[in-house]
Amino acid sequence: MSTRFGIELALDPAFTARAYRTRNIVCGQYGSWAAEMHMLRMSVVSYFQYPDINIDLLAHGVGRLAEASRDRSPGFSISCLGVANGRNGLGDGLNGENNNIYLDFQQTDASHPLEMLYREAMSMLEGLPNASLPIDNEIFHPKINLMEYANLPPTVMADAADFAKGVATDVGVPAVALAWRLVLLRYHSDAAGDNWSNGNWASDVSWEHLSSYVL
């Protein structure tokens, strides 16, 4: 069994409910189930290695991140730019986006609370002994995946992206989401092996909540 950890951002329930509905419709229509294997969350730092024996130290660090963020900007808001993807020119092809359709939360302001949370999370992990960060976190692109590793033909992917935009509009996905909880997760997968960057985990991934902190 291969294990990884993730520091993830859960958004407010009102936003999450509409995003969930959108994702279920899109995945159901296009026969892609990989995204449905996951809880709905925005990755801050995902799929990094860390020894279980030091998990209390990691949880303490995540708690301090949440406390600092809460003191600075309690329940901060994040603009949702709508549906984007990597194959029809709306994404940049990084972080696995070429096969994904997602709700885009890309920030241009380096002082935004989300960007600050990411930098502090990376700094915290770099200071922990034996933490191994994933290379695909070198560029932070906040997003919520609606359909992952779909491997659809380009024309079908374009159709799926248009469909997702229409669904998100009809469902009423808000233009603004509120930060709700910072959570520490532990992921398990036999299929992933030593490579969690290419979606091998999709066939059997499971996860457990280790801790949750109010933002």
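Quick notes on this structure:
- Each of (i) 10.8; (ii) 14.0; (iii) 15.1 is a candidate for mean projected area of the Cα convex hull in nm²; the one calculated from this structure is (i).
- Across the chain, the mean sequence separation of Cα contacts (distance under 8 Å, 6 or more residues apart), normalised by length, yields a relative contact order of 36 percent.
- Helix-derived mean residue ellipticity, 222 nm - over the chain, DSSP H n ≥ 4, -39500 (n - 2.57), to 500: -10500 deg cm²/dmol
- In a simple Cβ point-charge model (Lys, Arg +1; Asp, Glu -1; nothing else charged), region 2-214 has a dipole of about 440 debye relative to its Cα centre.
- Neighbour-count order for Val173, Val167, fewest beta carbons within 10 angstrom listed first: Val167, Val173
- Residue-wise HN-Hα coupling along region 203-215, computed from phi with Karplus coefficients 6.51, -1.76, 1.60 (Hz; x: Gly, Pro): 6, 8, 5, 9, 8, 9, 7, 9, 6, 9, 9, 5, 9
- Ascending count of other beta-carbon atoms within 10 Å, so fewest first, for Glu208, Glu120: Glu208, Glu120
- Residues Ser111, Ser203, Ser73, sorted so that the one with the fewest Cβ neighbours within 10 Å comes first: Ser111, Ser203, Ser73
- Residue-by-residue Karplus 3J(HN,Hα) for region 121-129, coefficients 6.51, -1.76, 1.60, Hz, glycine and proline x: 5, 5, 5, 4, 5, 5, x, 8, x
- Using θ = phi - 60° and Karplus 6.51 cos²θ - 1.76 cosθ + 1.60, couplings along region 55-62 (whole Hz; Gly, Pro as x): 4, 5, 5, 5, 4, 4, x, 5
- Region 1-70-region 132-181 distance, computed between alpha-carbon centres (Å): 14 Å
Any read-out appearing in this document is the output of simple, stated calculations on the displayed coordinates, not a laboratory observation. As the structure is a computational prediction, the values presented were derived from the model and not from experiment. For neighbour counting, all protein chains shown are included, and Cβ atoms are generated from backbone atoms with ideal geometry for every residue, glycine included.
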